[in-house]
Amino acid sequence: MEQAASRRRRRLRPAYRISDLPDNVLHSILRRLGSAPAAARTSVLSSRWRHVWAYLPQLVFQDSGYQFRNPSFFLNSVDGALDRYAATTLRSLYIFMFNVASRVPAARVSRWLRFSSERVAGDLLLCLPWRPADGEEEELELPVCASTRTIQLGVGHGFRQLRLPRIGAFGALTLMIIRDARIDANDLERVVCWQCPCLVELHLMAMSLVAVADVTVRSASLRRLHFEVENTSRLVLDTPSIEELSLSKVFKVSVVAPKFAEMIAQRHGAAADLHRQLLGRRLRWLVVKGCHQVMPVLMRHFDAVDRLELDLTVSSGEGYKTFLRATNKLTKCDVLVVNMTTEWHAYEPSLLYLVRKSAAIRKLVVHLPWTECSPCMPGCTCGRKGSEKTDNIKLDSLEEVEINDFTGEYHHVKIVKLLHSCKDISASRIVVNISPLLCSLSEGTCQRIRNEAHPSTNIRFNVWLHGRWEPYS
């Protein structure tokens with residue numbers, strides 16, 4: 001009788017319980033939660049699950065949701081999870097802090113960074129809440145992370161200075177992104193030039209030096225550089241492998257050209273590549289924002305660019321003449337992107353001047369300004385005779401014109417009409433993307449633009465709907 005009852009119980013008992021799942025399946029389930037605290041709370045499901053989260057290859061902390069409205073609760077959750085993490089290595093650690101109102105103490109952040117330097121063998125992302133300078137800031141030090149492949153730090157201006165290590169090497173690091181931090185020029189040069197032998201991508205955004213100084217970026221492996229660091233008196237680039245370059249708020253630049261003997265030794269008789277380097281260098285992407293003074297140096301060094309992106313930061317008076325001199329010779333490019341910023345003036349003549357200097361482009365992308373340009377000061381030459389003349393602009397290779405942030409206002413319509421009047425633009429496709437701030441555009445405005453264009457020109461209007469551009473009828 002007892003044997004029969006036992007057999008019945010075994011038949012009724014589930015053959016596959018959550019406690020019997022293998023570790024790789026449990027890790028896959030917990031990773032889909034997207035949160036380390038949420039993964040830790042699964043311990044209540046089964047004693048088997050109690051410590052599984054502590055061996056996850058990825059930990060994610062984000063201060064969103066009702067449970068983290070108390071800043072101290074979120075900070076304690078991060079501390080507790082890192083203290084109880086049991087695996088020797090961690091593939092990735094992500095800490096996002098957007099809603100924490102108070103500044104995180106440096107001692108606390110330092111503990112997180114020390115944990116990363118010892119355990120993270122993949123990706124580190126730390127985004128701290130932004131805070132204005134309050135005069136009582138602490139210093140934060142980034143330790144050497146020998147096994148980390150990517151580091152992304154958003155310091156949020158919450159510290160007086162971000163210190164970088166004096167010794168040791170970031171031997172596996174290929175990507176470094178730092179934003180909203182103050183840093184010493186010597187620290188920056190030492191880390192980039194000597195302590196990151198495999199660095200491929202470097203982004204320094206919304207940063208400043210603790211004192212005005214020159215900065216040298218010397219790296220044989222670096223291919224992509226985004227440099228936006230205030231207080232930089234001069235930027236020296238010694239990056240023979242650079243492919244993508246973005247500069248902002250830099251007013252003096254020097255580019256170190258490769259020596260002839262080094263070029264021969266590196267190319268081992270590759271005559272075509274050697275000839276190309278002797279004539280100049282080609283970039284895939286070049287962005288210059290708010291500092292057209294550096295254009296002559298860049299144009300002399302780089303003879304061709306796949307995509308050239310410029311900001312029209314032209315001030316009134318002598319500023320327009322300076323702009324003309326700085327952009328007198330543009331490098332050959334396939335795609336020209338022009339961003340018209342709202343606080344400057346001379347949109348129309350400046351845009352036509354750039355287009356006139358880039359006759360070989362295949363695509364023109366224009367981001368229209370939100371407001372009309374500021375009035376000219378006495379003596380400004382932007383409105384001189386012929387500055388808006390389009391008869392002498394030939395665009396034989398142009399295939400497409402993309403116009404963004406169009407609102408239908410008079411100054412926007414005027415810019416579109418000027419582009420229509422350029423020679424050979426009739427063979428191009430014109431795409432007008434309506435500003436995402438607008439839900440619709442009057443049919444009269446669309447028809448007016450179509451009437452101004454050549455009959456053979458293909459004009460399409462798009463509106464931003466459901467996360468993508470849709471045709472606007």
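The values are calculated or read from the model by the stated rules, or taken from the named source; none is laboratory data. Keep in mind that what you see is a predicted model, and the values were worked out from it rather than measured. Cβ sites come from the backbone with ideal geometry, for glycine too, and all protein chains shown count toward neighbours. Keep in mind that these areas ignore ligands, DNA and RNA; they rest on the heavy atoms of the full protein, side chains included. Shrake-Rupley method; radii C 1.70, N 1.55, O 1.52, S 1.80 Å.
Summary of values
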| quantity | calculated |
| --- | --- |
| Pairs, first under 8 Å from residue 215 (Cα atoms) in the stretch 229-243, second of a type in the set (Gly, Ala, Ser) and assigned to a strand (DSSP E or B), C-beta under 6 Å, six or more apart | 236/254 |
| Residue that is in contact with a strand residue (DSSP E or B) (Cβ under 6 Å, 6 or more places away or on another chain) and open to solvent by 90 Å² or more (accessible area, probe 1.4 Å), where the choices are 450, 468, 460 | 460 |
| Residue count, the stretch 203-235 (criterion: touching a Ser or Thr at 6+ places or on another chain (Cβ under 8 Å) and closer than 12 Å to residue 185 by Cα) | 11 |
| Criterion: among the small types (Gly, Ala, Ser), open to solvent by less than 40 Å² (accessible area, probe 1.4 Å) and at pLDDT 85 or above - qualifying residue of 428, 435 | 435 |
| Members of the stretch 131-159 found to be crowded, with 18+ Cβ neighbours inside 10 Å and at pLDDT below 90, listed by number | 131, 155, 156, 157, 158, 159 |
| Qualifying position, being outside any strand (DSSP E or B), farther than 14 Å from residue 117 by Cβ and of a type in the set (A, V, I, L, M), among 162, 204, 199, 173 | 199 |
| Close pairs (8 angstrom Cβ cut-off, 6 or more residues apart or separate chains): more than 19 Å from residue 54 (Cα to Cα) in the stretch 69-81, in a helix (DSSP H, G or I) and modelled with pLDDT under 80 anywhere | 73/67 |
| Of residues in the stretch 78-112 being in a helix (DSSP H, G or I) and closer than 20 Å to residue 64 by Cα, the one most open to solvent (accessible area, probe 1.4 Å) | 108 |
| Evaluation of residue 210 against (1) in a helix (DSSP H, G or I); (2) under 30 Å from residue 98 (Cα atoms); (3) over 22 Å from the mean Cα position of the chain (by Cα) (one fails), failing number | (1) |
| Breaking point among (1) open to solvent by 40 Å² or more (accessible area, probe 1.4 Å); (2) at pLDDT below 90; (3) in a strand (DSSP E or B), for residue 311 | (1) |
| Any hit, the stretch 122-130, residues being modelled with pLDDT under 85, among the acidic types (Asp, Glu) and touching a strand residue (DSSP E or B) at 6+ places or on another chain (Cβ under 7 Å) | no |
| Of all residues making up the stretch 177-209, the number that are in contact with a helix residue (DSSP H, G or I) (Cβ under 8 Å, 6 or more places away or on another chain) and over 18 Å from residue 238 (Cα atoms) | 1 |
| Sole exception among (1) touching a Leu at 6+ places or on another chain (Cβ under 7 Å); (2) modelled with pLDDT under 85; (3) not aliphatic (A, V, I, L, M) for residue 404, by number | (2) |
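Residues checked against (1) open to solvent by less than 40 Å² (accessible area, probe 1.4 Å); (2) closer than 26 Å to residue 139 by Cβ:
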position	(1), (2)
186	no, yes
191	yes, yes
196	yes, yes
216	yes, yes
223	no, no
239	yes, no
242	yes, no
245	yes, no
